[in-house]
1. Take the alpha-carbon centre of region 24-38, take the same for region 294-360, and report the distance between them in whole Å.
2. Against the longest alpha carbon principal axis of the chain, how many degrees, from 0 to 90 and to the nearest 10, is the axis of helix 212-225 turned?
3. Using the Cα centre of region 198-277 as the reference point, and only Cβ charges (+1 on K/R, -1 on D/E), how large is the resulting charge dipole? Debye, rounded to the nearest 20.
4. For the cross-link pairs K157/K574; K83/K574; K177/K412; K51/K404; K329/K359; K177/K404, which exceed 22 Å when the distance is taken from alpha carbon to alpha carbon?
5. How high is the relative contact order of region 191-269? Use alpha-carbon pairs under 8 Å, at least six apart in sequence, and give a whole percent.
6. Would you work out if region 137-212 is rounded, prolate or oblate? Take a ≥ b ≥ c from the square roots of the eigenvalues of the alpha-carbon gyration tensor; rounded if a/c is under 1.5, else prolate when a/b is larger than b/c, oblate otherwise.
7. Taking square-rooted eigenvalues a ≥ b ≥ c of the alpha carbon gyration tensor, is region 373-488 rounded, prolate or oblate, where a/c under 1.5 means rounded and, failing that, a/b exceeding b/c means prolate?
8. Using alpha carbons only, how many degrees (0 to 90, rounded to 10) separate the axis of helix 409-422 from the longest principal axis of the chain?
Amino acid sequence: MVLYSMKKYALNIAPSAHSTRFDEELNREQLEAVTCAGGPMLVLAGAGTGKTRTLTYRVAWLVENGVNPSDILLLTFTNKASKEMMRRAASLIGADVATLWGGTFHHIGNLILKRHAGVIGYRDGFSILDRTDTKDLFDTCRTSVAAAHKDAQLLPKASVVADLHSYARNTSTAQSKVIADRFPVLEENAKLILDVIALYERKKRELNLVDFDDILQNLVVLLKDHEDVREYYSRRFRHVLVDEYQDTNTLQAEVVALLSSYHRNIMAVGDDAQSIFSFRGANFENILNFQKSYPDARIFKLTTNYRSTPQILNAANSAIAANRRQFPKDLVSVREAGELPALVPLDDTRHQALFVASKIKDAIDEGASLSGIAVLYRSHYQSMEVQMELTRLGIPYDVRSGMKFFEQAHIKDILAYLRIISNPSDEISWKRLLKMLPGVGNATAEKIWRYLLALPNETPLDRVSTAGKIAPKKSAERFAAFIKCIEELMKINLPSDSIDTALRGSYEKHLFLTFPDAENRLRDLTQLSEYAVRYNSTDVFLSEMAIQGAEQPMAAVNEDSDEHVVLSSVHQAKGLEWKTVFIIGLNDGQFPSIKFGKFGKSGNNWDEEEERRLFYVALTRAKDELYLCYAYTSYAGLIRPSRFIDDIARGLLEEIEIV
C-alpha cells in the first residue's frame, strides 16, 4: 500500500460543554484507544471485547473535544452498522451527529463520485446498477456473444460471469487467472467469457452506468489521479474511522489510505484472528501489515471479553495460538467459571444429528429458550441431516446459511433424474430436466414431452433415445449427454449410485455453467449421495425425501416469534452469539474444508490458517455451553477428526462418550 502524505497530525481541538464519563464507562484498554490524540491507530478488538462500543465512544470523544461531526468519516460494511453507531454516539453526547459522513465504502464512494462524475469520464446523472441490473446487463451481453458463436452453449449463465468478474476486480486479479484458479471447469470457455466481460464494460460506458465494483475502482482513480480532489477530501476528513478492517479488500484499503492522507488520523478497528472472508476478496495482509503501511501507527489490543466463560475462551485462545501469522493476544473473561467445552466423538453423521437434536430436545424440556441455541458448520451441506432430525422432532429452526435443504434448486434437479426412472410418467420432473438444456423453454419442453408420449405402447424412457431429432440444434451436444445419462440410470437400482451417475453424466457440467456457488452445491449433492447409501430402494428413498420436503416448511420459523434454533455456517455467524453452540462436522476435509489451500497461494499454509481463524470464530460465538462434534466414519470408511481439535491443549476439553 502506498501512503500519499506523511504530514504531521494534531488534534487541535477545543473541548465542548458536554462531558461523557469515559473513564467510568470504558475499561482501561478501551479508554486508551478512545482517547488517543490522533495519528494512525490499529485497534485489535478480540471477539466480545466491545468493538462497537469503542468506535461509538471514539466518535463521542472527538465531538466532545471540539471536532465537528462533518469532519469525521466512519466507514463500515453495512449502513445499518454506521447508523447504529451514530445513534449511540448522539445519545452519549446529547447532540445530533447527522452531519457525520457515515456509511459503507460504496455509499461514501457514490457520494463523492456524484460530485465529480465528469472528471473521470462519466456524464452527470450516471445510474448505479444493483445486483439484479448487473445480471440483466450481463445476460444481454451473453446473448449477443452467443449469437455469434456456434459453441456458445458452453457459456456459463450471466450470474456466474458476473461473480467471476466481480471477484477479479475486488482482488485486482486478471480475469483469466481467476477463471484458471477458481473456475477451472470453465477454462475451455475462457475466450467467450472474456468477450462477454469486454462487451459488458463497453456497454456500461455507452449507457452511462456504473456497477458496485466501479464505485470503488473509480473512487481510487479519482483520488489518485486528481490531486486537487484528493487534497479536498483528505483535508476535510480530519478523522477517518474504519470498522472490520480485517475484511477490507485491496481497493478499500487504498481508499482509506487516500482519504486519510493529509491529517493521517486513522483508527482502523478489527481482529486479525477473525479474518475469514478471502473468498469475497478480503485481503488479510491489510491488517497484518498495517504497521508497514503506517510505520508510526500505535497498536491497541482489546482483550477483555464480556461474552464467554473462561473455559470457552481458554479453548479458543489455545486453538488460535497455532497460527504463526497473527498479532498474539489472549482473551480474558470477566465472567465466572463455567463448564469445560465438550468434545463429542460420534459413529457417523446420522448419530451426530441425533445427538444434537436430542440435546436440543432436552434443553427444551428443561425450559431453555430456543433462540439461545445455534448449530454451526463449515459448509451448508453439513446441515442436511440436522435439518431432517429437527424436522422429525418438530423443533422450529432457521437456516442462515442458505435455503432449507429440499427447497434448493439443485436438490430438486438431481431428484428429478431419479423420479423419471422411478415413474416415467412424471411430467413435472421430465420438463424440469429438459428446460436445463440450451434453447429449451416451456414451449420446446412441451413439444418434446408430447413426442415422448406419442406411442401408447411405449413409455417416455423408451422414446427418449430418439427425442434428440426434435430438440434445438444448440442443445444437441448437451441433449446427447442427457440421453446417455438416462440410459445409464435405467440400469441402476441403488439411489446413491443413481445420484453419482446423474452428476457425472449430465448434471455436474450444468452446475458450473449455471451457479456461481457450484462447488458448494456439488458438496450438497455429494452429501445427499452419502445419505442415500443407507437405502436399498430408489422408490423408498424418493418417498422419504418427499415426506421430508413436505414436512420441512412445518418446521419453519414463526415470523412472530424468536423461538427457533439457528442453523448457520460460521461465516454467517460472525458477530453473533448464543448461550449454547454446537459445532458439527469437525473432521479433516470438512472443517478444515477439503478445498482449503486450493485457491490463491496453494501449497503454503496460510489458507490453513484462515480455516483455523474460522474455527476460532466458531468457538467464540458460545457464551455458556460449547459442543465440538465429529464423526468416526463416513460412507467411504474411517475419517479423521479435525486437526484443529489437536491444537487445543489437553485438559481444556471434556470428552463425552455417547453409548
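Taken together, the values in this text are just the output of simple stated rules run on the coordinates, not laboratory data. Worth saying up front: this structure is predicted, and the values here are computed from it rather than measured. Positions of Cβ are backbone-derived with ideal geometry, glycine not excepted, and every protein chain shown enters the neighbour counts.
1. 25
2. The angle comes out near 40 degrees.
3. Details: 10 positive and 15 negative charges, 78 e Å.
Using only the charged Cβ atoms, the result is roughly 380 debye.
4. Details: K157/K574 30 Å; K83/K574 20 Å; K177/K412 33 Å; K51/K404 33 Å; K329/K359 33 Å; K177/K404 34 Å.
Distance filter (> 22 Å) returns K157/K574; K177/K412; K51/K404; K329/K359; K177/K404.
5. Details: 63 pairs, mean separation 24.9, N = 79.
That works out to 32 percent.
6. Values: a/c = 2.08, a/b = 1.05, b/c = 1.98.
Cα axes put region 137-212 in the oblate bin.
7. Details: a/c = 3.12, a/b = 2.33, b/c = 1.34.
Verdict is prolate for region 373-488.
8. Long axis of 409-422 versus the principal axis of the chain: about 10 degrees.
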